[in-house]
1. Just want the ordering: 131, 434, from fewest to most Cβ atoms lying within 10 Å of their own Cβ.
2. What 222 nm value per residue comes from the helices of the chain, counting each DSSP H run with n ≥ 4 as -39,500 (n - 2.57) and dividing by all residues, nearest 500 deg cm²/dmol?
3. Please work out how much length the chain gains when fully extended from residue 510 to residue 149, using 0.36 nm per residue of separation minus the C-alpha to C-alpha distance, in nm with one decimal.
4. Below 8 Å between Cα atoms, with a sequence gap of 6+, how large is the relative contact order for the chain in percent?
5. Using packing as a proxy for protection, rank 78-89, 321-332 so that the peptide with the highest average count of other Cβ atoms within 10 Å comes first.
6. Just subtract the alpha-carbon distance of residue 288 and residue 334 from 0.36 nm times their residue separation and send over the number in nm, one decimal.
7. If we sort 514-522, 202-210, 280-288, 553-561 on the protection proxy, mean other Cβ atoms within 10 Å, highest first, what's the order?
8. Sorted by mean Cβ packing within 10 Å, highest first, what order do the peptides 99-105, 147-153 take?
């Protein structure tokens, strides 16, 4: 991929407005419509997010005199389709011809565009409604402009496929012909905005729209962060402290400066834990190309002070976590009397589960280009949170928000890592050190893995009691993991409510005696969000343990799982439960939906079919980020597979480490 910076479609609000009004175009702002009763059935939860909704209008839609509709995408694109799906919602309500729609990427500015942090599976969930309202408002403004042009009631006109039609006479006006007049109209009040019925959708749910960057991506023309090129560009790689909280003791750069192409060595001051999204420090080698910078870094002679985490050993830490999980912890959910029920059970079963730290390892390692000159900063980077990146740069560089521009490129994968802009700050600091010359910081794959905000390590211990009929009468789950909050505040030793709300506080089982506990764990690495976040260890442990219980009771795992889900009901979790930031009344925990996806995936996978020797099936279900997901796996055991024998004693146990491949069915949240 070798596209140049000039091909990146990023627009400033000022430049966007100037160009559109100069040609008499229609500009429509989103989020000007009150969240009134008219849209109560489509609650998004966005209003409860910090920066999720802004009252100051910001530009999303324009139509120029040629009829070209330009829609601004304010969420980053990393393969999830957000850059297409949200503009598509606008275009559908606008009755725009998708062939005459252009999508441009917004720069970072949460004051203008609202929350831009593209993670948490919420881009469509939180913003489809505002985008639909935006498109519907633009459509109605075009209809009003046409009615005024023809001097007819607006009820007699209808926007349809990029033009407005006078229904009695059949007269038509193209969107481009109406753009200037429509732009002069006041925004229609909320009670005049009518959203389409689903039956009228042209694009939503139809599968007839390709992602907007598909051609460029598949032909190598797409611009990712690594593709940015500027005149006079310098290239940098950085040697960072190998241990979290470590710092530079001394270095010798004489050999590095002898590498052809190396121009300068710069020390970056680190930020002691909790470092949030700040650079962790190190020694940067700046050169005329990336290879020279890498070879220069290899030639550095560095002594590090590893600090308080110098003795961290992952094997010893694993044992420590597991030992903590075997002891009582802080009770976070308590129903009935689990201890008494465990003591009187006909049979007790326990299992321990361990999930190691996970690195994001996106296809495109983190990289950023920055130019800091004349009191202004401009960056080009693959970031999931452009608005958050702008805020961090403003604070780090001491600049005004209007003097910091964040141009968002396509992301070659993100998975949560690129919502943390430490790498962008590195590039900005180095550009300032280079007197305003643009600097591209490239992380090697080794850098990316070593200095990642790792997904948390976790130890889970679950004990259950069965009665004489094999029914589960007691359940006790202990979870131990360093919390993401350690990235932000000193010494938080317990998983937080948001993490526990991912499979622990909301465990959906119909068990009379149920307790969940959390144990203390210190963080020794930077910890960050990863796809599914804490659902990964919690679901792995809980659903694996259901299979252990089925085995202990001599029952079918699917039948055991459905029995544990119990009758159709809405689960009422403790008050601390966060529900991914959305109202529980809008997105309840529905056991009927959980059961339905179990039944559906079992049917699709032909659960219970006759299998070849040494083959088996497993089944699981979980509610993750408001979606209901069920999975069936088929496993074959060969002569090299480890012995998985279980104890046949009254009290049996086993230990598992996360590792599986699966086939799954997901029931997405749909408004009906």
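We did not get these values from a lab; they are worked out from the coordinates using the rules stated. Please read all numbers here as calculations on a predicted model, not as lab measurements. Backbone-built Cβ (ideal geometry, glycine too); neighbour counts: all protein chains shown.
1. Numbers: 131 26, 434 21.
Final ranking by Cβ density, sparse to dense: 434, 131.
2. -8000 deg cm²/dmol
3. Gain on stretching residue 510 to residue 149: 123.5 nm.
4. Numbers: 1458 pairs, mean separation 87.6, N = 672.
Across the chain, relative contact order equals 13 percent.
5. Highest mean packing first, the order is 78-89, 321-332.
6. Value of the extension gain: 10.4 nm.
7. Result, highest mean Cβ count within 10 Å first: 280-288, 514-522, 553-561, 202-210.
8. Numbers: 99-105: 16.7, 147-153: 13.6.
So the peptides 99-105, 147-153, ranked by packing, come out 99-105, 147-153.
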